[in-house]
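The values are calculated or read from the model by the stated rules, or taken from the named source; none is laboratory data. Fair warning: this is a prediction, and the values are worked out from it, not measured in the lab. Counting neighbours? That spans all protein chains shown, and the Cβs are built from the backbone with ideal geometry, glycine included. Remember, those area values only see protein heavy atoms, side chains included, never the ligands or the DNA or RNA. Shrake-Rupley method; radii C 1.70, N 1.55, O 1.52, S 1.80 Å.
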Amino acid sequence: MQIHLHCFDYGRGPQPELEKYCASVQYYPRKTGISSLSLKWPYIVHSRQNGQLMANLLKDDYPVLMEGIHCTWPFMDSRFAARKKFIRLHNVEYRYYQSLAKHTGNFFKKLFFYNESRLLRQYEKKVAARADGLWAVSQEDAGLYRDEFGASAAHFLPLFIPPWQVSSGEGMGSYCLYHGDLSINVNERMVMWLLRSVFNRLNLPLVIAGKNPSASLTRLAEKQTSTCLIANPGEADMADIISKAHINIIPSYSSTGIKIKLLNALYNGRHCLVNSATAAGSGMQQLCHIADTAEAMRQRIEQLYHQPFTLQEKEVRTAVLQQHFCNNTGAKRIVEWIWG
């Protein structure tokens with residue numbers, strides 16, 4: 001069995017590391033901008049049309065595994081009708097774009113996100129009917145594809161993760177932490193909610209760390225005397241920030257997919273405080289503290305901030321994560337699903 005990898009290049013150029021695992025690696029540009037907008041097709045799919053990619057895929061009859069709905073344009077080409085096609089789902093994309101639309105204040109972005117959600121719902125239904133297998137990262141997403149789109153081939157397949165070991169420090173950390181990509185509107189809105197509705201009545205240190213915070217978020221954080229905003233930390237810096245936190249606070253507006261930052265915090269941090277949307281379908285509920293209102297979150301933060309993270313909690317976390325995330329088991333399931 002060999003892997004022939006086809007991927008879109010966003011400016012990083014060829015990655016020699018991939019050649020260790022793949023028989024061949026091909027790179028293609030993504031066509032972004034107005035020219036890739038369509039009245040019929042979702043932008044995230046239509047902008048990844050590529051004639052050379054299609055021609056290369058048609059040179060053989062191998063099964064095709066596509067990463068995310070984004071890369072599934074071959075489903076719409078009749079030449080691939082008899083080809084075995086599988087998708088690794090990242091989200092229920094139309095619901096994710098609904099959430100983006102709901103929580104942006106920019107009228108034009110809201111219009112774009114709602115339209116993209118509408119197109120994605122139609123598109124995901126078509127894809128679900130044509131796929132030989134759809135592998136979701138959460139039980140909830142797999143169930144939604146089965147119930148809403150009639151996709152009997154939709155199954156839950158846990159994320160493949162780096163060779164992490166639970167390294168959570170016992171005892172006390174130094175601050176509360178929110179980390180994530182702050183350039184994403186829903187993350188920015190969530191941080192602003194935490195500052196205005198939760199930490200406005202807490203005299204506890206909060207660190208916010210992430211990519212490209214906006215000027216408005218920076219100004220709001222600066223008004224809070226106990227808040228520190230760290231923009232664009234490197235990988236090593238972020239690992240250090242997570243390891244020194246006492247409470248990782250990870251609420252979300254969307255219940256689809258699984259949050260990588262939650263797994264990062266569970267493997268490398270102490271207490272994890274989330275809302276129901278973050279925990280939904282993750283299988284990690286027993287490892288998290290859950291609060292869904294500002295008042296409940298304030299109360300739980302005050303409680304946890306003075307509560308050491310124990311060796312017993314670390315051992316339970318290790319057992320659950322080892323059982324849930326096993327790369328070898330996941331790889332064997334993929335082989336069985338593709339080749340029987």
Please list, in order along segment 244-249, the HN-Hα scalar couplings obtained from phi with the Karplus expression 6.51 cos²θ - 1.76 cosθ + 1.60 (θ = phi - 60°), rounded to whole Hz, x for Gly and Pro. 8, 6, 9, 10, 8, 9
So which of LYS85/LYS126; LYS59/LYS126; LYS20/LYS261; LYS126/LYS259 end up more than 18 Å apart by C-alpha? LYS59/LYS126; LYS20/LYS261; LYS126/LYS259
Zone of TYR27 (label point 7 Å along Cα→Cβ, backbone N under 20 Å): which residues in segment 52-79? 52-57, 67, 71
Note: ASP132 to ALA81 extended length (0.36 nm per residue) minus current alpha-carbon separation gives 17.3 nm
Residue by residue through segment 2-16, what is 3J(HN,Hα) from phi via Karplus (6.51 cos²θ - 1.76 cosθ + 1.60, θ = phi - 60°)? Round to whole Hz and write x for glycine and proline. 10, 10, 10, 9, 10, 9, 8, 9, 10, x, 6, x, x, 10, x
Roughly what angle does helix 294-304 make with the longest principal axis of the chain, taking Cα atoms, 0 to 90 degrees, to the nearest 10? 70
For segment 192-235 the mean separation of alpha carbon contacts under 8 Å (6+ apart) over residue count, i.e. relative contact order in percent, is 45
Taking Rh as the Kirkwood radius computed over C-alpha pairs, what is the Stokes-Einstein D of segment 208-301 at 37 °C in a medium of viscosity 0.692 mPa s, expressed in µm² per second? 230
For the chain, what's the relative contact order in percent, using C-alpha pairs closer than 8 Å and at least 6 residues apart? 14
Between ILE290 and residues 5 or more places away or on another chain, the pairs with built amide H atoms under 5 Å apart involve VAL274
Carbon plus sulfur fraction of accessible area for the chain, probe 1.4 Å, in percent: 52
Backbone HN-Hα couplings from phi across segment 51-60 [Karplus 6.51/-1.76/1.60, Hz, Gly and Pro as x]: x, 5, 4, 4, 4, 5, 5, 7, 6, 9
Note on segment 52-183: contact order normalised by length, alpha-carbon pairs under 8 Å, 6 or more apart, percent, works out to 19
Helix 311-324: angle to the longest alpha-carbon principal axis of the chain, degrees 0 to 90, nearest 10? 10
Under a 5 Å amide H to amide H cut-off, with H placed in plane at 1.01 Å, what residues pair with PHE156 once short-range neighbours are removed? ALA136
How far, in degrees from 0 to 90, does helix 327-339 lean away from the longest principal axis of the Cα atoms of the chain, to the nearest 10? 20
